[in-house]
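Peer 1: Mind having a look at this structure? Questions to follow.
Rule-based calculations on the coordinates, nothing more; no lab input. Keep in mind it's a predicted model, so treat the numbers as computed, not measured. Note that we place each Cβ from the backbone using ideal geometry, even for glycine, and neighbour counts take in every protein chain shown.
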Amino acid sequence: MTADLWGIPTEETGLDGPARPRDLDAEHIVVANVMQQPQLIDDLAADFDPADITDDRLRWVWHAVDEIRQTLTASEIRYEAVNTQLQAWRASGFLPIVPLTRDQLVDLYGRAQPGSTAWYAASITKKAAAARLVAHGYEAIARGRSAAFDPDEDVPAAQAQLDGVLGATDQADMAVVGDLLAGSLERSVTKPTTESRIPTGFIDLDLLLSGGWAPGQMVVVGARPAMGKTTFALNLARAAAVKHGIPTLFQSLEMSKEDLIDSIMCAEAQVALHHFKQGTIEPAGIARLPKAAALIQPAPLHINETGHLSIPLLRGQVRHLVRTAGLRLVIIDYLQLMYAPKAENRQQAVADMSRQLKLMAKEFGITIIVLAQLNRGPEQRTEKRPIVSDLRESGAIEQDADIVVLLHREDAYDRESPRAGEADLIVGKHRGGHPGDITVAFQGHYARFVDMAPEAS
């Protein structure tokens, strides 16, 4: 075997753990094939990282071939040219190791196996992922055994490392614009469906958003206290899960599961919440409850009541539900109650969480709706109507959000307002679309918002 001839073990012995997984034979074959067919460097670019080659000497041969092919158009780059390049780098101090000798390069060149490059490159990539997993595992053990172990710092750090085991995939997402045109033309004549969009439950809002929430979006719903943020969020969850069967996760950091399901029942059955709580529902309402329960029962709505929600914990739940339930929508009530990572200040901590939520939505192809408190800006103005900059720690939140919806009710400030019972959904930011205002009805006694349109239930 190649490894025996070169005097290198197949696995690299670790000082603090087992040997590092590696496939040296595959590394030799891939580099030899690249010497004989330099264009393979371009062919492998999207799926293979030469940094995964564990033998430094072989990796420098790869780099030498890549350098030579810029000026040499030959169909193969033989060992003489590679040796010349390596010795030149060595003489100039650019090469930090002792490179392969000419005889070793001759031996390497003879080990090429044309037509097998992709298979062996995949083996190297697989071994590299295994090596990172082993390394992170032992680092996690060291963290856990340390007297300075801090679960709020070390656990998220370990989770972040595990998320990077498979390496970067940005190149795999790269595309030439011409390859994207067919999909663009098809979308231009295809009406959105619940397979591609998540209905909001409000006719005019769906129209404004081209059919509803889109995968990969982070949506921020902001309001002052007592405006009905949680009620509105439950409306969104009910529209997705109960009405359309879309798998949804509702993360509550404030209300209990019992209070949430009671609100959902009242909204669906049109039963006054205060009567529900007091057990004084009229007979007609009692008759509607079983029908509402039958609609709610099969809904793929997952409710998690927690007082301590961190980004790593959320990521784990999302990953599990995406795989097991086809999760498409996550609603978090609310951002300022989430456990913030350690940072220089609160603004930086919120900025980190906001960015991670956006990246999570994109990574898993889901929609994440996060509720957020507004500062006291609206209350200090004559015009109480909120604006996007009223979001607490608004800079990062506003920047990361694809859509910002501000919830406003005039009767929350003036009970005698002629607009009592109405609510404004102010779409203050809409990436990929235009902002706008939607007026809906607020039926607080039923714990719900509904369309102003007469056909709304």
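Peer 1: Between the range 398-412 and the range 48-82, what is the separation of their alpha carbon centroids in Å?
Peer 2: If you average the Cα positions of each part, the centres end up 55 Å apart.
Peer 1: Work out, step by step, the length gained on full extension between Arg319 and Ser210: first 0.36 nm times the residue separation, then minus their alpha carbon distance; give nm to one decimal.
Peer 2: On the way: separation 109, 0.36 × 109 = 39.24 nm, distance 2.74 nm.
So the extension gain works out to 36.5 nm.
Peer 1: What does the charge add up to near His63, with Lys and Arg as +1, Asp and Glu as -1, over the other residues with Cβ less than 15 Å from its Cβ? Numbers along the way, then the final one.
Peer 2: On the way: positive: Arg57, Arg59, Arg69, Arg90; negative: Glu27, Asp42, Asp49, Asp52, Asp55, Asp56, Asp66, Glu67.
Neighbour charge sum, excluding His63 itself: -4.
Peer 1: Quick query: amide H of Phe449 versus all other amide H atoms, modeled in the peptide plane; which residues come in under 5 Å with a sequence gap of 5 or more or a different chain?
Peer 2: Residues meeting the criterion, in which the H sits 1.01 Å from N, are Gln443.
Peer 1: In the range 243-298, which GluC sites (Glu not before Pro) are in a loop and have at most 14 other Cβ atoms within 10 Å, using DSSP for the loop call?
Peer 2: Glu254
Peer 1: Continuing with this model, one more query. Pulled fully out, how much extra length does the chain show between Glu67 and Asp103, if you take 0.36 nm times their separation in residues and subtract their Cα-Cα distance? Mind showing how you got there, number by number?
Peer 2: Numbers: separation 36, 0.36 × 36 = 12.96 nm, distance 2.10 nm.
Result for the pair: 10.9 nm of gain on full extension.
Peer 1: Could you list Ile261, Ile53, Ile303 so that the one with the fewest beta carbons within 10 Å of its beta carbon is first and the one with the most is last? Walk me through the numbers on the way to the answer.
Peer 2: Numbers: Ile261 15, Ile53 25, Ile303 19.
The fewest-first ordering by Cβ neighbours comes to Ile261, Ile303, Ile53.
Peer 1: Something else: For Arg20, which sequence-distant residues (separation of 5 or more, or a different chain) have an amide H within less than 5 Å of its own amide H, given hydrogens modelled in the peptide plane?
Peer 2: Glu12, Thr13, Gly14
Peer 1: Considering only DSSP beta bridges with both partners in the chain, what is the antiparallel share in %, to the nearest 5? Could the numbers behind the result be given before it?
Peer 2: Details: 19 of 43 bridges.
Counting only bridges with both partners in the chain, antiparallel ones make up about 45 percent.
Peer 1: Non-local amide H neighbours of Leu406 (under 5 Å, H modeled in plane, Pro and chain starts lacking H): which ones?
Peer 2: It is Gly222, Ile426, Val427, Gly428, by chain and number.
Peer 1: For the range 318-329, take each phi angle, set θ = phi - 60°, evaluate the Karplus expression 6.51 cos²θ - 1.76 cosθ + 1.60, and give the result in whole Hz per residue in order, putting x for glycine and proline.
Peer 2: 4, 4, 5, 6, 4, 6, 9, 10, x, 3, 10, 9
Peer 1: For the chain, list log₁₀ I(q)/I(0) at each q in 0.06 Å⁻¹, using the Debye formula over Cα point scatterers of equal strength and ignoring solvent, two decimals each.
Peer 2: Values returned for q = 0.06 Å⁻¹ are -0.41.
Peer 1: Tell me, how many Å apart are the Cα centres for the range 21-35 and for the range 237-257?
Peer 2: Here the two parts' Cα centres lie 51 Å apart.
Peer 1: So what are the ³J(HN,Hα) numbers for the range 103-112, from phi and the Karplus equation (6.51, -1.76, 1.60; θ = phi - 60°), rounded to whole Hz, Gly and Pro as x?
Peer 2: Rounded to whole hertz, the list is 4, 5, 5, 4, 4, 4, 4, x, 9, 5.
Peer 1: Another one. For Lys191, go through the lysines and keep the ones whose alpha-carbon is under 28 Å away, minus same-chain ones fewer than eight residues off.
Peer 2: Lys191 reaches Lys243, Lys358, Lys362, Lys429.
Peer 1: Can you check what the net charge comes to around Ser210, using other residues whose Cβ is under 11 Å from the Cβ of Ser210 (Lys, Arg +1; Asp, Glu -1)? Kindly include the intermediate steps, with their values, before the conclusion.
Peer 2: Details: positive: Arg187, Lys191, Arg197; negative: Asp206.
With Lys, Arg at +1 and Asp, Glu at -1, the net is +2.
Peer 1: Roughly speaking, what is the stretch gain from Ala182 to Leu162, that is 0.36 nm per residue apart minus the C-alpha to C-alpha distance, in nm to one decimal? It would help to have the intermediate numbers written out before the result.
Peer 2: Numbers: separation 20, 0.36 × 20 = 7.20 nm, distance 3.64 nm.
The span from Ala182 to Leu162 would gain 3.6 nm if fully extended.
Peer 1: Ranking request for peptides 325-333, 189-197: highest mean number of other beta-carbon atoms within 10 Å first, then the rest in descending order. Don't skip to the answer; put the middle values down first.
Peer 2: Numbers: 325-333: 22.0, 189-197: 11.8.
Packing order, densest peptide first, comes out as 325-333, 189-197.
Peer 1: Shifting gears a bit: Is it possible to state the helix-based mean residue ellipticity at 222 nm for the chain, with each DSSP H run of 4+ residues giving -39500 (n - 2.57), the sum divided by total residues, to the nearest 500 deg cm²/dmol? What is it?
Peer 2: About -13500 deg cm²/dmol.
Peer 1: Next question. Between Ala287 and Asp437, how high is the FRET efficiency from 1/(1 + (r/R0)^6) when r is the Cβ-Cβ distance and R₀ = 35 Å? Nearest 0.05. List each step's numbers first, then the result.
Peer 2: Working: r = 38 Å, r/R0 = 1.08.
Here the calculated transfer efficiency is 0.40.
Peer 1: Next question, about the same structure. Please give the residues of the range 174-209, grouped as numeric ranges, whose backbone N is less than 19 Å from a label point set 7 Å along the Cα-to-Cβ vector of Ala46.
Peer 2: Residues 174-184 fall inside that zone.
Peer 1: Then there is this: Chymotrypsin sites (Phe, Trp or Tyr not before Pro) within the range 42-102: which are DSSP loop residues with at most 14 other Cβ atoms inside 10 Å?
Peer 2: Details: sites: Phe48, Trp60, Trp62, Tyr79, Trp89, Phe94; in loops: Phe48, Phe94.
In loop regions of the range 42-102 (DSSP not H, G, I, E or B), the sparsely surrounded chymotrypsin sites (Phe, Trp or Tyr not before Pro) are Phe94.
Peer 1: From the phi of every residue in the range 91-98, what ³J(HN,Hα) in whole Hz does the Karplus formula 6.51 cos²θ - 1.76 cosθ + 1.60 yield, where θ is phi - 60° and glycine or proline is x?
Peer 2: So the J values, rounded to whole Hz, are 5, 7, x, 6, 8, x, 10, 7.
Peer 1: Which is farthest toward the positive dipole end of the range 2-163 among Gln104, Leu44, Val155, measuring Cα position about the Cα centre, with Cβ charges +1 (Lys, Arg) and -1 (Asp, Glu)?
Peer 2: Gln104
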